[in-house]
Amino acid sequence: MSRVGIVALGRYLPSRKMTNTDIKELVETSDEWIVSRTGIKERRIAASGERTSDLAVAAARDALKNSPVKAEDIEAIFVATVTPDSAFPSVACLVQKEIGARKAFAYDISAACSGFLFALTTARQFIATGAVKNALVIAADRFTSIIDWKDRNTCVLFGDGAGAAVLTHVPSGGILSDYMISNGDGAPLMGVVPGGARTPDDNTLDTALLPYVTMNGQELFKHAVPGMAEAVSIAAAKAGLTVNDIACVVPHQANDRIIASVAKRAGIPKERFFINIDKYGNISAASVVVALGEAVETGRIKKGDKIALTVFGAGLVTAATIMEWSY
Ligand code: ACO
């Protein structure tokens, strides 16, 4: 396959911060419980009227600022989201209009917290086969729009934000391998049940039951750890590498204890994992690309480093990508 890599990254985090102390006003919890059980200290909350497409456009513009590929030359846009502004039109089409990517086709991808890597792999395939020369891959979620602020099992965990990457051919390095797997048996473990085509059409739905996330945290934890650890090993083997070759792992930021257990199971020291969950909580598909951007900007990832991204999400969906960082 011809070499495809990320040539620019961008992100957007809403300015409003919600600390653990703020959450204590809403549910019975404590900063001590949230920090010790999850690693989260604060999260960002979108402003009133700020939609997922606004977050996505801001992240896309940030990526395009430093991109060798300009908006008018982008040929494909993929947006990973589970909180689109509406069922349709897609967020991707709204982004296409706003950034003036007139030559692009655009559509959304639904793979919960794994969405960025599912979209990245899709984009890689389109470019590698010659169907398009480049792509803009965005992960954006206004996740707090589906949060029940009375449910302490979920409301402490999530935040809003977006990240974006521009992909095109690179002379060397780039994406070395990827791996994706789904397990629909785990579908009942997390979801937004009312809403969508499962909503009864005979008005029998309890109107008090709004479309909020429900989640079996303990069971997800048990799936997330082996899932993300094995995904890294499988993707590394596909690239002809071992985990010892990986300079930095950027994991989905769902829980600091999940990341610690993934490190142990994968046999990679936790110090090699990039973690920013304390600042943003779980921002769904955007977590991994926002973390990747910060890792590159702070020098944790340098040109030529072999890196792994690994993610896990509702579905269940798991993925990993191995790259040689190319700028
Ligand atoms: N504050 C205080 N106490 C709490 C809170 C809270 N916010 N939430 C739960 N508790 C209590 C529980 O009620 C329970 O009390 P009990 O022992 O009296 O019954 C106790 O704390 C322990 O609860 P557990 O659920 O066992 O806590 P656990 O250590 O498993 O942590 C958590 C819960 C943080 C949700 C963890 O299981 C987790 O992170 N799971 C993974 C979730 C995840 O990754 N979800 C996203 C998937 S990705 C995607 O697609 C979006």
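The values are calculated or read from the model by the stated rules, or taken from the named source; none is laboratory data. Note that the coordinates shown come from a computational prediction; the quantities given were computed from them, not determined experimentally. Note that we place each Cβ from the backbone using ideal geometry, even for glycine, and neighbour counts take in every protein chain shown. Areas reflect the complete protein model, heavy atoms only, side chains present, ligands, DNA and RNA absent. Shrake-Rupley method; radii C 1.70, N 1.55, O 1.52, S 1.80 Å.
Couple of notes before you dig in:
- Residues of the range 150-168 with amide N under 17 Å of the 7 Å Cα→Cβ point at ASP73: 165-168
- When LYS264, LYS222 are compared by accessible surface with a 1.4 Å probe, the order from highest to lowest is LYS264, LYS222.
- Divide the volume of the convex hull around the Cα atoms of the range 177-324 by the residue count and you get 120 Å³ per residue.
- Using R0 = 22 Å, the C-beta based FRET efficiency linking ARG257 and ASN183 works out to 0.55.
- Taking label points 7 Å from Cα along the Cα-to-Cβ direction, GLU98 and LYS302 give a separation of 3.6 nm.
- Extension gain, THR242 to GLN218, is 5.7 nm, computed as 0.36 nm per intervening residue step minus the present C-alpha separation.
- Accessible area expressed per residue, the chain, with surrounding protein chains retained (probe 1.4 Å, Å²): 43 Å²
- Taking N as its residue count, the alpha carbon Rg of the range 1-48 over 2.2 N^0.38 Å: 1.79
- Projected label points at PHE88 and GLU25, each 7 Å from Cα along the beta carbon direction, are separated by 4.1 nanometres.
- Applying a length cut-off of 27 Å (Cα extent along the axis) and a mean Kyte-Doolittle floor of 0.0 to the DSSP H helices of the chain leaves 217-238.
- Formal net charge of residues neighbouring ALA135 (Cβ-Cβ distance under 9 Å; K, R +1; D, E -1): +1
- THR129 paired with ASN66, simple spin-label distance in nm, labels 7 Å along Cα-to-beta-carbon: 3.2 nm
- Farthest positive-ward along the range 177-324 dipole, Cα basis, beta-carbon charges - from ILE283, GLN253, TYR212: GLN253
- Principal axes of the range 52-94: Cα extent on each, largest first, Å: 32, 18, 13
- For the range 4-171, the number of Lys pairs separated by eight or more positions or lying on different chains, with C-alpha atoms closer than 18 Å, is 8.
- The calculated 222 nm mean residue ellipticity attributable to helices in the chain amounts to -9500 deg cm²/dmol, summing -39500 (n - 2.57) over DSSP H runs of n ≥ 4 and dividing by all residues.
- Considering the range 1-157, its Cα convex hull presents a mean projected area of 10.2 nm².
- DSSP bridge analysis restricted to the range 177-324 gives an antiparallel fraction near 75%, rounded to the nearest 5.
- With DNA, RNA and ligands ignored, accessible area of PHE221 (1.4 Å probe; Å², nearest 10): 50 Å²
- Quarter of the Cα convex hull surface for the chain, i.e. its orientation-mean projected area (nm²): 16.1 nm²
- Share of carbon and sulfur in the accessible area of the chain stands at 52%, probe radius 1.4 Å.
- Mean Cα-pair separation over length for the chain, i.e. relative contact order, pairs under 8 Å, 6 or more apart, %: 25 percent
- Fully extending the segment from ASP151 to GLU50 would add 34.1 nm, taking 0.36 nm per residue of separation and subtracting the current Cα-Cα distance.
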